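Participant: Below you'll find the structure I mean.
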Amino acid sequence: MFFIAVFVIPVGLMVRYSFLQQLPDGTLTGNFTLANYIRLGAVDLYRNVVVTTLRISLFTTLGAMLLAYPLALVIARGPAMIGRAITVLVIAPLLVNVVVRAYGWRIILGNGNSGVLNWALSYLGLGPVEILYTEWAVIIGSMQVFLPMMVLPLAAAIGRIDPAVEDAARTLGGSSLAVFRRVTLPLSVPGLGVGCTLVFSLTASSFILPALLGGSFTKMLGTLVEEQILTVFDWPFGAAIATAMVLIVMAINLAYMALIERRFRSRAMEAA
Amino acid sequence: MSENGLGRAAPLIYTLTGLIVLFLLLPLIFPIVLSISDTPFITFPPKGFTLQWYGKVLQDADFTSSFGFSVLLSTTAACGAVLLGTPTAVGLVRLSFPGKGFIQALVLSPLIFPSLVTGIALLRLFSSIGSNDAFLNLWIGHVLVTTPYVVRTVSASLVVVDPGLEEAARTLGAGRFTAFWRITRPQIMPGLVAGALFAFVTSFDNYAVSMWLFDASHVPLPMMMLSLISRMFDPGIAAIASLMIFFSLFMVLLLERLAGLRRAMSF
């Protein structure tokens, strides 16, 4: 009875919470309309924002995937001390405020002579590059910010692979690359899926990174929704963008679950 | 060659790992490097050495009041998350009732639901019910997004606790609450501490909910930092960034000492 009593509070809150999220879907003006969604898809300016958001999220996810494997391998398979040290080094930046990290990237990527990167390039005799306020700045920043979200589930998945399987492949003459490609990689797919889902969702719904690194030239859904609601006060359109963002995140999560399900089913069929 | 578990590719993997860790640390290193520059504007490479920017920032009323406000908000939000999350975790792990999976998904959903949208939904609700108290609004938002972390870490440590012990205490005459407090609570303490600290850090860093709910007299640190970046051009801003980095590193060490980082992340 005690537990049922203390459950009323959280459940009450959560029920209210689920009700809150229904609110953005309109019902503000009274009349049901799809005009806001059509506007998001039909007006070039806004459609470009959607496409840019998807492209940046995709590149960030792919980049994070490549960078995450070496780290995850060391955490899961390296000597315990080193694995622990790398874990701390991977998680530590995660607890540093995103605004601060975006600011750090602004210092590094700064255009002209003030940026660290351009200073280093001119030292090497290479021309200055203009990265800040382009999509690449957002991608680089997002990769650094969200990489831990890829490394941790991946390390957990690799840790669950029996090392004997890899040893067996190696004993049978497989090269390191072949063992990785044929054994480690396929067996780590569940962790990779979780990581990709997280990185993609977080990038697609971020605000600080496109605001500070993309500027007014590279808009994403997060900056567009902020502008529509806090500057233009167009609540219905803002809410439609927010809902579109949720749909993108949900689609990517559902796609991952469907993928896992299909793998599971094909395994079951093989077994039968 | 498998004693290190990485095979012959080990040197290559270690080199790559070093480079990638460097990449992760880059945006944390340079604000610190620039904050000691003895120039009236931000420049690289820094010239001279001075700590005057730290002195200036620590006397800056905008920064100190905002820091104080963030500490207050995050501490109270973490307390709220623990008070709300712990009973929820106990209920979800120990009891079976219809709709349990649904409740569990609901409780954890703020973790994957874009918090930017959570903030918008809350702003919409607060303005339609006329709730103008920015502190209360921020507090509710922060409790909402931090509670799932507490539920997750407490659940993780609760599943390894033997419920028989609490039952034994009950048989010996302890009340339900006493049995929980004296028997189960000490055993889930690491999960509780990890959850509370993580809730604090998450709330302290949160901007996605705060950006919709703050007002001019209640400005959390990330929002203050964001506005300073666009109107402050001396190394003072780098000093603020460095102070926040030091503060985070302190939290990292605290988490690692008290609970273990990986447990706190629940991976």
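The values are calculated or read from the model by the stated rules, or taken from the named source; none is laboratory data. As the structure is a computational prediction, the values presented were derived from the model and not from experiment. Don't worry about glycine lacking a Cβ; one is built from the backbone with ideal geometry, like all the others, and counts go over all protein chains shown.
Participant: Consider B:ILE188 against the criteria (1) hydrophobic (A, V, I, L, M, F, W, C); (2) under 26 Å from A:LEU221 (Cβ atoms); (3) more than 10 Å from chain A (Cβ to nearest Cβ): it satisfies all of them except one. Which criterion is unmet?
Facilitator: (2)
Participant: Sort through B:LEU106, B:LEU125, B:LEU138 and tell me the only one that's part of a helix (DSSP H, G or I), under 30 Å from A:ILE248 (Cβ atoms) and either touching a residue at least 40 places away in the same chain (Cβ under 8 Å) or charged (D, E, K, R) (or both).
Facilitator: Testing whether each residue is part of a helix (DSSP H, G or I), under 30 Å from A:ILE248 (Cβ atoms) and either touching a residue at least 40 places away in the same chain (Cβ under 8 Å) or charged (D, E, K, R) (or both) leaves just B:LEU138.
Participant: OK, next. Does B:ILE20 satisfy being modelled with pLDDT of 75 or more and within 15 Å of B:ILE240 (Cα to Cα)?
Facilitator: When the stated conditions are applied, B:ILE20 does not pass them.
Matching residues to (1) under 30 Å from B:SER37 (Cα atoms); (2) modelled with pLDDT under 85:
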site: B:PRO163; (1), (2): no, yes
site: B:LEU172; (1), (2): no, no
site: B:ILE188; (1), (2): no, no
site: B:ASP205; (1), (2): yes, no
site: B:MET211; (1), (2): no, no
site: B:PHE214; (1), (2): no, no
site: B:MET224; (1), (2): yes, no
site: B:PHE233; (1), (2): yes, yes
site: B:ALA238; (1), (2): yes, no
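Participant: Would you call A:ARG170 in a helix (DSSP H, G or I), over 30 Å from A:MET250 (Cα atoms) and within 10 Å of chain B (Cβ to nearest Cβ)?
Facilitator: In short, yes.
Participant: Name every residue in the stretch A:85-117 that is more than 9 Å from chain B (Cβ to nearest Cβ) and assigned to a helix (DSSP H, G or I), in order of residue number.
Facilitator: Answer for the stretch A:85-117, where residues must be more than 9 Å from chain B (Cβ to nearest Cβ) and assigned to a helix (DSSP H, G or I): A:ALA85, A:LEU109, A:LEU117.
Participant: Now for a separate question. Tell me whether the stretch A:93-100 contains one or more residues that are surrounded by fewer than 18 Cβ atoms within 10 Å (Cβ to Cβ), within 27 Å of B:LYS47 (Cβ to Cβ) and in contact with a helix residue (DSSP H, G or I) (Cβ under 7 Å, 6 or more places away or on another chain). Please lay out each step first, then the result.
Facilitator: Residues of the stretch A:93-100 surrounded by fewer than 18 Cβ atoms within 10 Å (Cβ to Cβ): none.
The answer is no, given that none of the residues of the stretch A:93-100 is surrounded by fewer than 18 Cβ atoms within 10 Å (Cβ to Cβ), within 27 Å of B:LYS47 (Cβ to Cβ) and in contact with a helix residue (DSSP H, G or I) (Cβ under 7 Å, 6 or more places away or on another chain).
Participant: Out of A:THR218, A:THR203, A:THR243, I need the residue that is touching a residue at least 60 places away in the same chain (Cβ under 8 Å), assigned to a loop (DSSP other than H, G, I, E, B) and under 30 Å from A:ILE38 (Cβ atoms). Which one?
Facilitator: A:THR218
Participant: Out of all the residues in the stretch B:220-247, which are surrounded by fewer than 20 Cβ atoms within 10 Å (Cβ to Cβ) and of a type outside the set (A, V, I, L, M, F, W, C)?
Facilitator: Matches in the stretch B:220-247: B:SER227, B:SER230, B:ARG231, B:ASP234.
Participant: While we're looking at this one, here's another question. Can you tell me which residue is farthest from the chain's Cα centre (by Cα) among those in the stretch B:127-147 that are surrounded by fewer than 16 Cβ atoms within 10 Å (Cβ to Cβ) and at pLDDT 85 or above?
Facilitator: Kept after step one, since they are surrounded by fewer than 16 Cβ atoms within 10 Å (Cβ to Cβ), are these residues of the stretch B:127-147: B:127-133, B:136.
Right, trim to at pLDDT 85 or above and you get B:133, B:136.
Working: B:ASP133: 23, B:LEU136: 19 Å.
If we take residues in the stretch B:127-147 being surrounded by fewer than 16 Cβ atoms within 10 Å (Cβ to Cβ) and at pLDDT 85 or above, then B:ASP133 is farthest from the chain's Cα centre (by Cα).
Participant: What about A:ALA120, is it within 11 Å of chain B (Cβ to nearest Cβ), outside any loop (DSSP other than H, G, I, E, B) and over 17 Å from A:THR61 (Cα atoms)?
Facilitator: yes
Participant: Quick check on the stretch B:28-47. Is at least one of its residues at pLDDT 75 or above, exposed (fewer than 14 other Cβ atoms within 10 Å of the Cβ) and either outside any loop (DSSP other than H, G, I, E, B) or not charged (D, E, K, R) (or both)?
Facilitator: no
Participant: Out of the stretch B:67-86, which residues are surrounded by fewer than 23 Cβ atoms within 10 Å (Cβ to Cβ), in contact (Cβ under 8 Å) with a residue 24 or more places away in the chain and more than 16 Å from the chain's Cα centre (by Cα)?
Facilitator: B:LEU84
Participant: Would you confirm whether any residue within the stretch A:174-182 is more than 11 Å from chain B (Cβ to nearest Cβ) and either exposed (fewer than 14 other Cβ atoms within 10 Å of the Cβ) or in contact (Cβ under 8 Å) with a residue 12 or more places away in the chain (or both)?
Facilitator: Initial filter on the stretch A:174-182 (more than 11 Å from chain B (Cβ to nearest Cβ)): A:181-182.
From what is left, the residues that are either exposed (fewer than 14 other Cβ atoms within 10 Å of the Cβ) or in contact (Cβ under 8 Å) with a residue 12 or more places away in the chain (or both) are A:181-182.
Yes.
Participant: Check the stretch A:59-81 and report whether any residue there is among the basic types (Lys, Arg) and more than 7 Å from chain B (Cβ to nearest Cβ). Spell out how you get there, then give the answer.
Facilitator: Restricting attention to the stretch A:59-81, the residues satisfying the condition of being among the basic types (Lys, Arg) are A:77.
When the remaining residues are screened for being more than 7 Å from chain B (Cβ to nearest Cβ), the result is none.
Looking for residues that are among the basic types (Lys, Arg) and more than 7 Å from chain B (Cβ to nearest Cβ), one finds none in the stretch A:59-81, hence no.
Participant: On to the next question. Applying the selection to the stretch A:221-239, what residues are more than 9 Å from chain B (Cβ to nearest Cβ), assigned to a helix (DSSP H, G or I) and not hydrophobic (A, V, I, L, M, F, W, C)?
Facilitator: Across the stretch A:221-239, the qualifying residues are A:THR223, A:GLU227, A:GLN228, A:THR231, A:PRO236.
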